[in-house]
Amino acid sequence: MPKTYKIAVIGGDGTGPEVIAEGIKVLKSASMKYGFKIDFAYFDFGGERYLKTGEVLPDSAVDDLTKFDAIYLGAIGHPDVKPGILEKGILLRLRFELDQYINLRPVRLYPGVDCPLKNKKPEDIDFVVIRENTEGLYAGVGGFFKKGTPDEVATQVSINTRKGVERCIRYAFEYAKKRNKSNKLTLCGKTNVLTYAFGLWERTFHEVAKEYPEIKTDYAHVDAITMWFVKNPEWFDVIVTDNLFGDIITDLGAMIQGGLGIAAGGNINPEGVSMFEPIGGSAPKYKGQNMINPLAAICAGAVMLDNLGEKSAADAIERAVMDLTATKIKDLSAGKMGFSTTQVGDMVAKIVG
Ligand code: IPM
Ligand code: MN
């Protein structure tokens with residue numbers, strides 16, 4: 001009996017369902033070629049459902065999703081819904097309740113992709129950001145006092161627990177070891193100002209480092225790292241950081257690897273159910289036009305297979321994408337690819353299969 005994976009699919013909003021459809025095409029092709037099966041189950045969570053029913057996420061959703069091997073997500077965010085409702089009510093809620101404490105975001109410049117950095121080549125841009133995904137300023141701790149008055153006070157507290165910080169840092173050391181590229185792990189923080197939060201990160205980092213003598217450790221302040229990403233991206237191998245800094249630096253990472261059209265990531269609970277997504281948004285203005293680039297969603301599918309243990313199939317998808325960027329798809333932006341969304345999916349599926 002071939003191995004069967006149960007995958008929950010949340011196409012979500014805007015162009016999410018379109019890019020996910022191409023990802024599924026590629027995953028099916030990979031599963032046939034590499035001898036496993038995937039059963040997909042579809043969930044309609046997102047802005048449209050919310051506008052129709054008033055419900056962001058049914059209470060049963062989290063329980064239902066724990067029955068799957070992984071979740072494959074398109075995009076969350078709808079122009080007719082106030083910012084925050086869907087993002088917090090679906091994306092962040094799933095990350096938190098499924099305890100997906102790692103946000104893994106590879107930053108890799110593929111051959112042939114136009115890079116905005118002068119003289120940087122694929123060998124110069126190839127690192128991975130490991131973002132803590134359940135704590136920090138995203139924890140939702142804080143509130144208003146005297147709201148709407150001239151004396152209004154608003155607080156938003158960064159929560160950093162020893163357990164949360166340590167499990168993230170430990171994952172990052174293990175990842176750097178397994179990746180075996182330059183065996184280097186950089187902590188990105190702000191130890192010169194946020195002395196409490198990053199004091200805990202720094203102490204934990206050095207304690208855990210003692211267990212990994214083969215990994216070189218390095219530190220960069222978050223402001224400085226944005227500078228190095230542009231000037232010397234080749235310095236980096238694996239970077240570990242908190243939730244907000246990770247959010248910010250991975251958008252910059254996406255740009256130096258050619259844009260949001262290619263950037264993929266995973267929300268990982270190493271002991272539970274993980275969720276994989278292209279890191280760009282729902283791009284509502286391109287919805288339904290068969291114009292958006294599905295490569296980021298396709299690459300998220302590869303990250304998912306890698307995590308499920310199907311490394312050969314995952315590598316084959318990544319190679320197929322590299323083959324296309326090197327030969328056919330020069331411009332990754334919507335409408336400029338020279339191909340439609342579905343044509344790009346077809347081409348990758350064909351190369352993989
Ligand atoms: C991301 C996104 C989300 C985040 C938003 C949509 C809540 O920007 O996945 O990076 O801030 O984490
Ligand atoms: Mn972001």
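The values are calculated or read from the model by the stated rules, or taken from the named source; none is laboratory data. Not measured: the values here are computed from a predicted model. Cβ sites come from the backbone with ideal geometry, for glycine too, and all protein chains shown count toward neighbours. Only protein heavy atoms, including side chains, enter the accessible area calculation; ligands, DNA and RNA are left aside. Shrake-Rupley method; radii C 1.70, N 1.55, O 1.52, S 1.80 Å.
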I'd like to verify a number: residues in region 338-353 that are closer than 17 Å to Val19 by Cα and open to solvent by 10 Å² or more (accessible area, probe 1.4 Å), how many? 9
Name the single residue that is surrounded by the fewest Cβ atoms within 10 Å (Cβ to Cβ) among those in region 82-99 being more than 16 Å from ligand 2 (Cβ to nearest atom) and assigned to a loop (DSSP other than H, G, I, E, B). Lys82
Give region 222-253 a look and list any residue that's in contact with a strand residue (DSSP E or B) (Cβ under 7 Å, 6 or more places away or on another chain), of a type in the set (A, V, I, L, M) and either within 11 Å of ligand 1 (Cβ to nearest atom) or closer than 15 Å to Glu123 by Cα (or both), or say none. Val238, Leu244, Ile249
If I ask for residues that are buried (at least 24 other Cβ atoms within 10 Å of the Cβ) and in contact with a Ser or Thr (Cβ under 8 Å, 6 or more places away or on another chain), which ones from region 296-312 would you list? Met304
Report yes if Gly335 is open to solvent by 10 Å² or more (accessible area, probe 1.4 Å), at pLDDT 95 or above and not in a helix (DSSP H, G or I), otherwise no. no
Exactly one of (1) on the phi > 0 side of the Ramachandran plot; (2) within 11 Å of ligand 1 (Cβ to nearest atom) is unmet by Gly140. Its number? (2)
Only one of these conditions is not met by Ala70: (1) more than 15 Å from ligand 1 (Cβ to nearest atom); (2) more than 20 Å from Thr250 (Cβ to Cβ); (3) surrounded by fewer than 20 Cβ atoms within 10 Å (Cβ to Cβ). Which number is it? (3)
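Determine whether region 142-149 contains at least one residue that is closer than 19 Å to Trp201 by Cα and of a type outside the set (A, V, I, L, M). Even if it seems obvious, please write down each step before you answer.
Here is the first cut: in region 142-149, the residues closer than 19 Å to Trp201 by Cα are none.
Scanning region 142-149 turns up no residue that is closer than 19 Å to Trp201 by Cα and of a type outside the set (A, V, I, L, M).
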Residue under evaluation Ile20, criteria (1) of a type in the set (Val, Ile, Thr); (2) part of a helix (DSSP H, G or I); (3) within 16 Å of ligand 2 (Cβ to nearest atom), criterion not met: (3)
Could you please let me know if Val230 is among the hydrophobic types (A, V, I, L, M, F, W, C), surrounded by 20 or more Cβ atoms within 10 Å (Cβ to Cβ) and closer than 27 Å to Ile169 by Cβ? no
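Filter region 245-268 down to the residues that are closer than 14 Å to Ile130 by Cβ and open to solvent by 10 Å² or more (accessible area, probe 1.4 Å), then identify the one that is farthest from ligand 2 (Cβ to nearest atom). Give the steps one after another, and end with the answer.
From region 245-268, those closer than 14 Å to Ile130 by Cβ are 245-247, 249-250, 253, 265-268; that's our starting set.
Still in the list and also open to solvent by 10 Å² or more (accessible area, probe 1.4 Å): 245, 247.
Values: Phe245: 11, Asp247: 4 Å.
Only one residue tops the list, namely Phe245.
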Quick one: which residue in Gly142, Gly136 is farther than 26 Å from Ile262 by Cα and within 16 Å of ligand 2 (Cβ to nearest atom)? Gly136
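One line per residue, one yes/no per condition, for (1) in contact with a Leu (Cβ under 6 Å, 6 or more places away or on another chain); (2) within 28 Å of Leu94 (Cβ to Cβ); (3) of a type in the set (Lys, Arg); (4) within 16 Å of ligand 1 (Cβ to nearest atom):
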residue	(1), (2), (3), (4)
Gly136	yes, yes, no, yes
Phe144	no, yes, no, no
Asp151	no, no, no, no
Arg162	no, yes, yes, no
Cys168	no, yes, no, yes
Lys184	no, no, yes, no
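Here is a yes/no grid of residues against (1) in contact with a Lys or Arg (Cβ under 6 Å, 6 or more places away or on another chain); (2) touching a residue at least 60 places away in the same chain (Cβ under 8 Å); (3) away from ligand 2 (no atom under 13 Å from the Cβ):
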position	(1), (2), (3)
Val222	yes, no, yes
Val238	no, yes, yes
Asp242	no, yes, yes
Glu277	no, yes, no
Ser282	no, yes, no
Tyr286	no, yes, yes
Check Thr186 against each of (1) surrounded by fewer than 18 Cβ atoms within 10 Å (Cβ to Cβ); (2) touching a strand residue (DSSP E or B) at 6+ places or on another chain (Cβ under 8 Å) and name the one condition it does not meet. (1)
Close pairs (6 angstrom Cβ cut-off, 6 or more residues apart or separate chains): assigned to a strand (DSSP E or B) in region 58-77, small (Gly, Ala, Ser) and away from ligand 2 (no atom under 16 Å from the Cβ) anywhere: Ala70/Ser274; Ile71/Ala8; Gly74/Gly11
Return only the number of the condition from (1) out of contact with any strand residue (DSSP E or B) (no Cβ under 6 Å at 6 or more places or on another chain); (2) hydroxyl-bearing (Ser, Thr, Tyr); (3) closer than 29 Å to Tyr110 by Cβ that Thr191 does not satisfy. (3)
How many residues does region 49-65 contain that are open to solvent by 70 Å² or more (accessible area, probe 1.4 Å) and at pLDDT 95 or above? 5
